[in-house]
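The values are calculated or read from the model by the stated rules, or taken from the named source; none is laboratory data. Predicted model, so just to flag it, every value in this text is computed and none were measured. Cβ placement follows ideal geometry from the backbone for every residue including glycine, while neighbour counts extend to all protein chains displayed.
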Amino acid sequence: MTSFNRLISPIVCAVCISALYSCGGGSGGSQVADGGIGGTGVTQGRVTGFGSIFVNGIEYETDNASFTVNNSDGTQDDLAIGMVVVINGSSDQASATGEAESVEYDSLLEGVVDSNDIATNNTLTIMNQTITVDADTVYENPFDATTLADLPVNSVVEVSGFTDGNGDILATRIEVESLGWSGDSLEVSGVVMNISGSQFQIGNLTIEAGTLTIPAEGTFVEVEGDSFAGDVFEADSIEIEGDGTNQVADDGDEVEIEGRITTALDNQDQFALNGQIVDASNTPFSGQTSQLTVGRIAEVEGVMDGTILIAEEIELKAEQSEKGEIAGILGSDNVDSSGGTVTLLGETIQVTSSTIMESDLEGEDSFT
């Protein structure tokens, strides 16, 4: 887990070694299918760097892009490492560059910490949603220098990541907003389940809709409110996200998605990534399809056919056991720009456009 707490060294960077596996710079990733797309399309993935903006190994220029942050107009300065964004624009895989037309960020959860089990099983429970962290999760706590394992119950945090819609989230970024909830507005996103009268559920959270209209079961929604007691969250608003299916693209769009496998490969060669159905039946696999297991992080490129993503390329990210992190003082004599490497604590690390690097100075730094 990448910590963003303030340290005393002039420049301190945390480099997630898992990023090297993700983009072919190491041995931990598996490209189980090969194809590849380019041109204009939609990209969804975590932000790994700035200068312009780096997502899914592509450096997107943003000079002419519009930004939407939590449903309001924003700027690139509102974004941070680890946030999962959706980019509409063009890209060239050969040069790993692109041009963004629009960049959208929407947090999955802004809620109260119910319990903290980071020390035992790397999970938090936030408003009855299960939040899992891994070596790539970025943690920012502007209030103190404690680790995520020390985060107190009743703290309010904003979570970005990959969700199955049913209350299970792999966090790519957790940012502490306060160390105690005082009635401020909260937000939870997920799939409508178990409608009963004026109530429904998202995962294990019961939501009281009052006189608000409850969308049909299976609809992906965002719920806001400022009253949460026990297992019940009273909704002030219920908004259907997009068309309610949690899709990031329309029929015919070229798509590149990073996410968590939420349903394993079935006998029709389909699986789900962040709840999005992916058809791999016509994808020439060069690896093991048995690796497409629930919880594995993958990156899929392909074209939307109605509501199904027809995969042209599938890349599996490194397993957690293959990941690591290193932190140290980074000076100019530690950087080899031509070779694309940095040296920290005697270790030479290959840096690519997917490497997660963070400075513990104020603000985000470009390492291009």
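The table that follows gives values for the structure above.
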read-out: Strands (runs of 3 or more DSSP E) contained entirely in the stretch 177-218, each with at least 3 residues that are under 21 Å from N70 (Cα atoms); value: 186-191
read-out: Odd one out for N5 among (1) buried (at least 22 other Cβ atoms within 10 Å of the Cβ); (2) modelled with pLDDT under 50; value: (1)
read-out: The stretch 261-281 residues that are over 17 Å from T219 (Cα atoms) and not assigned by TED's automatic domain parsing to the domain that holds I310, paired with ones that are part of a strand (DSSP E or B) and charged (D, E, K, R) (beta carbon under 6 Å, 6 or more apart); value: none
read-out: Positions within the stretch 144-167 being in contact with a strand residue (DSSP E or B) (Cβ under 7 Å, 6 or more places away or on another chain), of a type outside the set (A, V, I, L, M, F, W, C) and in contact (Cβ under 8 Å) with a residue 40 or more places away in the chain, in sequence order; value: T147, N154, S155, E158, S160, G161, T163, D164, G165
read-out: Some residue of the stretch 193-200 being within 30 Å of G89 (Cα to Cα) and surrounded by 20 or more Cβ atoms within 10 Å (Cβ to Cβ); value: no
read-out: Some residue of the stretch 212-224 being surrounded by 13 or more Cβ atoms within 10 Å (Cβ to Cβ) and small (G, A, S); value: no
read-out: Among (1) within 20 Å of E187 (Cβ to Cβ); (2) part of a strand (DSSP E or B), the one test that V278 misses; value: (1)
read-out: Residue, modelled with the lowest pLDDT, within the stretch 30-73, restricted to residues that are touching a helix residue (DSSP H, G or I) at 6+ places or on another chain (Cβ under 8 Å) and assigned to a strand (DSSP E or B); value: S30
read-out: Subset of the stretch 250-270 (residues that are among the hydrophobic types (A, V, I, L, M, F, W, C) and surrounded by fewer than 23 Cβ atoms within 10 Å (Cβ to Cβ)); value: A264, L265
read-out: Residue within the stretch 231-239 that is modelled with pLDDT under 95 and under 22 Å from L151 (Cβ atoms) present; value: yes
